[in-house]
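Below: one structure, written as C-alpha cells.
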Amino acid sequence: MRKVILVKDTDTKRADQTRDFYTRILDYIRQGNLLEQVQVVRVADIGVYGQGLVIKILPGGVIYTNVSDNDIPKIIEAALQENKVVQGLVFEPKAKQYRLVLRNCGKIDPESIDEYIASGGYLGLKKVLTELGPEKLIEEIKTSGIRGRGGAGYPTWMKWNFAREVDSAEKFVICNADEGDPGAYMDRSVLEGDPHSVIEGLIIAAFAIGASRGYFYIRAEYPLAVERIKRAIEQAYAYGLLGQNILGTAFNLDLEIRLGAGAFVCGEETALIASIEGKRGTPHPRPPYPSVKGLWGKPTVINNVETLANIPVIITKGGKWFAQIGTTTSKGTKVFAVTGKVKNSGLVEIAMGATLRDIVEGICGGTFSGKPIKAVQTGGPSGGVIPQELLDTPVDYENLQKLGSIMGSGGMIVIDEDDCMVDIPKFYLGFCVEESCGKCAPCRVGGFQMLGYLKKISEGKGKPEDLGQLRRIAQAMQKASLCGLGQTASNPVLSTLKYFETEYNEHIINKRCPAGKCSHLVTYTILEDKCKRCGLCAINCPVKAIPGDKENGYSILQDKCIKCGRCFDVCKFKAVLKK
C-alpha cells in the first residue's frame, strides 16, 4: 500500500513554511526513487497546532512534530516499514478526544445505508429484537448509566421505563432535533454525518416502550439534516428496518419528520409536543410528564439526537462497557461545540471527567489571540460563566452545576480579556427575552426587567442597589417560571455576578468598562505624537465628528462622537486611543 505523508507548518509566529517543507521532502523522495511508494500532500490543517513543522503518516495516523531536515530520512524509512516509528518525534497530545457519538462522522457516506451496516450499524437493533426483549433492553440501558444529553441529564432508562409501564394501546417516540442554542451545532453534525445511528437509536427506544409511531422534530433551518434523515428513513423502510414486521418480528414502527419553525422554546418537551400537534409552541405544567401523558395524551418518550446516537453502541458493546467511560455519576462521552475566542473552534467529543482546560487548551489550542482565557461559558443561554481559575474542573453534570453553570446540550464559548462580563449576560438574556413564549409572567416580565438593569449598567447609569435587584428577580424566575427557559435564563447573570462582581462595580461606580466593550463607557481620543495626519479617521467617521486637516491635525468632538469605534479600527498607526 502506498504511504501518504501529510505536511504542515504549525508555527504561527513566523511566515508559513509549508511549501518549502513540502518541496524538501519531495526532493528527497525523488532522489531515492520512492515516488511509487510514497505520496506527499500539503494540507491546510493537520489537527496539531504550535508544534513547528509537522508530518502525519497515512495509513496509521502517526504524527511527528518539530521535524527538522535531518529527521526526514528517518521518518520516511520508518514509514516504509510496518509498525516502526521514530522515537522522540512522535506527538503526544495533552488531551485526547473519545469519539462515540461522532464515531462514523467523516468516515462513512451518510447517504449510504450499506456503509452504515458495514460499519456495524443495525446490529444493536437486531440484538434487541432477537435476543434481549424490552425488559432486558431497559436493564442494559440502566447498567450503562447514560443520562439525557439534551441538557437536563435525566436517566434515560428511567424515562423509558415510565413510558413502558403505562397501559396504553398507542405510544410515541420523538427525536428532539430542535437545536437552538447560539453557536451550537452538535445535533446538526450528527444528523448530517451519521443519520442512521440516530434512526437506529430511535427504533430501539420505540421497541423498549412499545411505541408504534415516531417523529423527528427538526428545525427547518437545517435543510441538509432534514434531507439526509428523510433519505435514511426511506432506506430503512426499503431494508425492512421500518414499517411492518421489522426484521421478521412482530414489531412495527413508522417514522416521519416534523419541521420546527425555529422557536427556541420548542426545545422544551411540552412545547415541542404542542408544536407537533399543530398548536402554538408553548410549555405546559408538569406533571403529568410526557412519558405518562404526552403527544395527543399518549405516553411519549422524547430523547435528543446525541442520546439516541449513543444507544446502538451501548447495545452492541454492552452497558458495562459504556459505564466504564466517564465518571461515577456521569457516564460516557459528551460532544461540545467549542466557539468564541478559541484558536481551533469545532466539535470536540471527550469522556466525561475531562477538564475544561483539557478541552479549551489541550484540544482547541487556547485563544487565537494568545491572550489569557478569561472564562468559559457552557450550556448556551441557560448556562453560566466559569472563570479561568476553575478551568481544571472535571466536566460532568454535578461539577458544572456546583459552579453555577450547566452541561446543556453542549455549547461552549471561550471568552478572553477583551470580553465584557456585563455584555456577555446581556447578550444571552436578550436572546432569552426574544425567545420567551410569554406564557408565564416570571419569565416574560422578569427577563425583560433584568435586561433593563443590564442595559442601564452597560450605559453607565447603574446604581449599586441594582445588583441586589438582579439577584432577587433571578431567584423569582428560577422558582416560578413554567419551563426550563425561564428557570435558567438568569444563569449567565448570576454566574457573572458571582465571579466578576468587581467588573459590574467598575461599570456602576467608576463608569468604566475594563474590556472596552460597552460603547457608552468608552472614549476615543487622537494621540498627537503618533498621528501621521493621513485623515483616514476623518474620512471614515459616519457622523463627521473628527474635524481638522493635514496641516493642523485632527481631533474628536466628544459631544458628537457616537462611539462606533470606526476611527480606532481604520487607524494604521495606533494613534487613536480607546479607554
key: Table column - 3J(HN,Hα) (Hz), the stretch 140-147, Karplus curve with 6.51, -1.76, 1.60, x for Gly and Pro   = 5, 5, 4, 4, 5, x, 5, 10
task = Any chance you could check the Cα centroid distance between the stretch 386-436 and the stretch 367-381 for me, in angstrom?
result = 9 Å
remark   = Burial-style ranking of 519-530, 218-229, average other-beta-carbon count within 10 Å with highest first, yields 218-229, 519-530
ask   = In sequence order, what are the phi-derived ³J(HN,Hα) couplings for the stretch 384-390 according to the Karplus relation 6.51 cos²θ - 1.76 cosθ + 1.60 with θ = phi - 60°, rounded to whole Hz, with x for glycine and proline?
value = x, 9, 10, x, 4, 5, 10
ask   = Which far-off residues, 5 or more places away or on another chain, put their amide H under 5 Å from the one on THR367, with H placed in the peptide plane?
value = LYS343
key: Rounded if a/c under 1.5, otherwise prolate or oblate - the stretch 207-254, Cα gyration tensor axes   = oblate
key: Probe 1.4 Å, accessible area per residue of the chain, Å²   = 45 Å²
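What is the gain in length, in nm to one decimal, between LYS13 and ARG280 on full extension, counting 0.36 nm per residue of separation less the C-alpha to C-alpha distance? Intermediate results must be reported in sequence, preceding the final value.
Values: separation 267, 0.36 × 267 = 96.12 nm, distance 5.40 nm.
That works out to 90.7 nm of additional length.
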inquiry  = I want the local charge near GLU140. Using Cβ-Cβ distances under 11 Å, sum +1 for each Lys or Arg and -1 for each Asp or Glu among the other residues.
reply    = +2
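Computed over the Cα atoms, what is the radius of gyration of the stretch 523-578 divided by 2.2 N^0.38 Å, N being its residue count?
On the way: Rg = 9.7 Å, N = 56, 2.2 N^0.38 = 10.2 Å.
Here the answer is 0.96, to two decimals.
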The stretch 1-115 - share of DSSP beta bridges that are antiparallel (%, nearest 5) = 65 percent
FRET efficiency, GLU135 to PHE448 (Cβ-Cβ, R0 60 Å, nearest 0.05) = 0.75
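In whole angstrom, how long is each semi-axis of the equivalent ellipsoid of the stretch 22-125, when you take the square root of 5 times every eigenvalue of its Cα gyration tensor and sort them from largest down?
Numbers: eigenvalues 205, 62, 33 Å².
In descending order the semi-axes read 32, 18, 13 Å.
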request  = Can you pull the one-decimal nm distance between simple spin-label points at GLU227 and SER112, each 7 Å off the Cα toward Cβ?
outcome  = 1.9 nm
query = When Rg is the radius of gyration of the Cα atoms in the stretch 3-80 and Rh is its Kirkwood radius, what does Rg/Rh come to?
reply = 0.93
request  = Using DSSP, restrict attention to beta bridges with both residues in the chain and report what percent are antiparallel, rounded to the nearest 5.
outcome  = 55 percent
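Using the Kirkwood formula on the Cα atoms of the stretch 220-367, what hydrodynamic radius do you get, in angstrom to one decimal? Mind showing how you got there, number by number?
Details: mean 1/r = 0.0534 Å⁻¹.
This gives a value of 18.7 Å.
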note = Heavy-atom accessible area of TRP296, protein chains in place, probe 1.4 angstrom, given in Å² to nearest 10, is 120 Å²
inquiry  = Counting only protein heavy atoms and a 1.4 Å probe, tell me what percentage of the chain's accessible area is made up of carbon and sulfur.
reply    = 50 percent
ask   = Taking H as built 1.01 Å from N, whose amide H comes closer than 5 Å to the amide H of VAL385, not counting residues under 5 places away?
value = SER495, THR496
query = So which lysines pass the test for LYS159, namely a Cα distance under 19 Å, with those fewer than 8 places away in the same chain ruled out?
reply = LYS136, LYS142, LYS171, LYS293, LYS298, LYS331
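What do you get for Rg/Rh of the stretch 356-509 when both radii come from the Cα atoms and Rh is the Kirkwood radius? Provide the component values of the computation, followed by the final result.
Values: Rg = 15.2 Å, Rh = 15.7 Å.
Computed over Cα atoms, the ratio is 0.97.
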request  = Over the alpha-carbon set of the chain, work out the extent along each principal axis and list the three values in angstrom, largest first.
outcome  = 90, 77, 39
request  = Show the residues, 5+ positions off or on another chain, whose built amide H is closer than 5 Å to the amide H of THR333.
outcome  = MET352
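Please work out how much length the chain gains when fully extended from ALA95 to SER369, using 0.36 nm per residue of separation minus the C-alpha to C-alpha distance, in nm with one decimal.
Values: separation 274, 0.36 × 274 = 98.64 nm, distance 2.11 nm.
Length difference between fully extended and current span is 96.5 nm.
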task = In whole Hz, with x marking every Gly and Pro, tabulate ³J(HN,Hα) for the stretch 198-204 from phi via Karplus 6.51 cos²θ - 1.76 cosθ + 1.60, θ = phi - 60°.
result = 6, 4, 4, x, 5, 5, 5
key: Convex hull per residue volume in Å³, alpha carbons only, for the stretch 81-226   = 189 Å³
key: Residue-level accessible surface for TYR428, protein heavy atoms, 1.4 Å, Å²   = 10 Å²
note = Taking every C-alpha to C-alpha distance in the stretch 84-138 and binning by 5 Å from 0, the per-bin percentages run 4, 14, 14, 13, 14, 14, 11, 7, 5, 4, 1
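Where both residues lie in the stretch 137-272, what percent of DSSP beta bridges are antiparallel, nearest 5?
Values: 2 of 15 bridges.
So the antiparallel bridges in the stretch 137-272 amount to around 15 percent.
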ask   = For VAL85 and ASP529 in the same chain, what is the full-extension length gain: residue separation times 0.36 nm, less their Cα-Cα distance, in nm?
value = 154.0 nm
Ellipticity estimate at 222 nm from DSSP helix runs (n ≥ 4, -39,500 (n - 2.57)) divided over the chain, nearest 500 = -10500 deg cm²/dmol
remark   = Taking only protein heavy atoms and a 1.4 Å probe, the highest-to-lowest accessible-area order of THR143, THR300, THR393 is THR143, THR393, THR300
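A 19 angstrom limit on the alpha carbon distance is what I want to check against. Which of LYS13/LYS574; LYS402/LYS498; LYS374/LYS563; LYS511/LYS563 exceed it?
Working: LYS13/LYS574 21 Å; LYS402/LYS498 12 Å; LYS374/LYS563 25 Å; LYS511/LYS563 15 Å.
Where the Cα-Cα span goes over 19 Å, the pairs concerned are LYS13/LYS574; LYS374/LYS563.
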key: Inter-label distance, nm, simple model (7 Å from Cα along the C-beta direction), ARG42/ALA480   = 6.4 nm
request  = Calculate the radius of gyration of the Cα atoms of the stretch 423-508 to one decimal place, then report Dmax, the largest Cα-Cα distance, as a whole number, both in Å.
outcome  = 11.9, 36
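The values are calculated or read from the model by the stated rules, or taken from the named source; none is laboratory data. Here the structure is a predicted model, which is why all the values come from computation and not from measurement. Virtual Cβ from ideal backbone geometry, glycine too; neighbours counted across all protein chains shown. Surface accessibility is based on the protein's heavy atoms, side chains included, excluding ligands, DNA and RNA. Shrake-Rupley method; radii C 1.70, N 1.55, O 1.52, S 1.80 Å.
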